[in-house]
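We did not get these values from a lab; they are worked out from the coordinates using the rules stated. Worth saying up front: this structure is predicted, and the values here are computed from it rather than measured. Every residue, glycine among them, receives a Cβ derived from its backbone with ideal geometry; neighbour counts consider all protein chains shown.
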Amino acid sequence: MIALLRAALASAMAREIDLVQRRTYQEVTGLLLEGGVDAAWLCGYPFLQHCAALALVSVPLWRGQPLYQSYLIAGRGDPAQTLADLRDGVHAFSDPDSNSGYLVTASDLARMGATPERFFAHTLFTYGHRNVVRAVAAGLTRSGGVDGYVWEALAQVEPALTARSRVAARSEWLGFPPFCARQDRRHRDDVVAQATHNLGQMGGGRVRMGGHQEGYARPSDAHVGRPTTCVDQLLINGKGGVHHIWACNHYRTTLNATAFKRACNRRAYMVKEAMDAVAGGSRERLVDAIVVAIKQGGLFAVTIDIIQNEMGSQAHVAPPAAQQGEMNLTSMNGERRMRLAER
């Protein structure tokens with residue numbers, strides 16, 4: 001799974017990356033705060049502890065929602081139905097900074113007027129949600145607290161393991177563990193945000209300046225900088241005035257496609273409204289109306305494609321698709337990226 005995650009992130013970010021693992025959330029959080037890593041997947045509790053120093057990069061979706069539950073699990077034959085039924089047993093926690101693996105159970109006990117030390121005969125930290133499931137399944141502990149999505153994932157990939165445990169109770173829905181970066185380095189991690197927003201979704205990966213086959217006259221390299229600008233994010237942010245679309249459909253191939261489609265449609269419609277307002281007028285009036293709309297945040301789109309697609313339908317001009325029509329030495333990104341997607 002780690003190898004798959006590394007490969008997916010590297011593909012989406014168009015660079016080699018290192019995934020650093022540590023045993024505890026405290027170690028991971030310390031590494032992030034000290035600048036030892038650029039971003040980290042943390043539990044919600046460490047993020048809230050250090051919210052003044054950390055910035056939210058993205059939040060994964062679990063079954064279509066940025067939410068998950070903490071599962072209280074027990075042995076397969078254990079009759080317990082609630083936390084109260086597990087008094088005086090041995091209980092496994094995952095990590096003292098884990099929301100689902102410690103704090104949910106501790107807060108539930110606090111509402112009962114108890115603490116883990118007084119309620120359970122003995123507790124231990126396994127420092128891994130899978131290890132909690134293993135401890136319960138092997139009978140080393142009577143119960144444990146675990147991420148619900150981890151238990152459900154294990155039920156798919158290691159059914160023999162989860163078959164020896166059962167879910168005794170589920171918590172309320174909680175915010176999913178986030179990807180975070182340091183506040184003072186947040187702008188450097190926009191590419192991480194774009195990559196993680198689209199993990200597991202259909203579409204293409206991170207592209208270079210002029211990506212997705214947009215043409216642009218070759219300028220000097222001085223304005224480009226490093227890392228190179230992501231054109232799609234630039235358009236989402238309201239930058240750029242004329243968009244040249246050459247034989248592609250960004251709505252289905254870009255990162256953060258929903259936001260991109262919404263922004264482009266809104267900005268293109270601003271120009272269309274301006275053009276409609278001077279319909280029947282002179283060419284000069286039409287050009288002036290387009291320029292004013294662009295300055296107000298509109299986007300003038302030109303598409304060149306043999307087959308019309310949903311993005312091309314938003315364009316204002318559609319020349320014949322015999323060639324790209326750009327000047328000599330125009331920079332083009334002619335790559336095609338494919339990603340396997342489950343139904």
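The table for this structure:
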| read-out | value |
| --- | --- |
| Ratio Rg/Rh [Cα only; Rh per Kirkwood] for segment 227-306 | 1.01 |
| MET270, MET311 arranged by Cβ crowding within 10 Å, fewest neighbours leading | MET270, MET311 |
| Local electrostatic count, PRO66, Cβ distance below 15 Å [Lys/Arg +1, Asp/Glu -1] | -1 |
| Label-to-label distance, nm, for residues given as ARG164 and ASP184 (7 Å Cα→Cβ offset) | 4.9 nm |
| Ranked list, fewest to most other Cβ atoms within 10 Å of each Cβ, for ASP147, ASP184, ASP305 | ASP184, ASP305, ASP147 |
| Segment 71-117 - Rg and Dmax from Cα coordinates, angstrom | 10.6, 30 |
| For segment 1-160, alpha-carbon Rg relative to the globular expectation (2.2 N^0.38 Å, N residues) | 1.13 |
| Those residues of segment 230-250 whose amide nitrogen sits under 19 Å from the label point placed on GLU310, 7 Å along Cα→Cβ | 232-233, 236, 245-250 |
| Approximate shape of segment 67-172 as ellipsoid semi-axes (Cα gyration tensor, √5λ), whole Å, largest first | 20, 14, 12 |
| Residue exposure sequence - THR29, THR123 - by fewest surrounding Cβ within 10 Å | THR123, THR29 |
| Unit charges on C-beta of K, R, D, E only; dipole of segment 67-172, Debye | 280 debye |
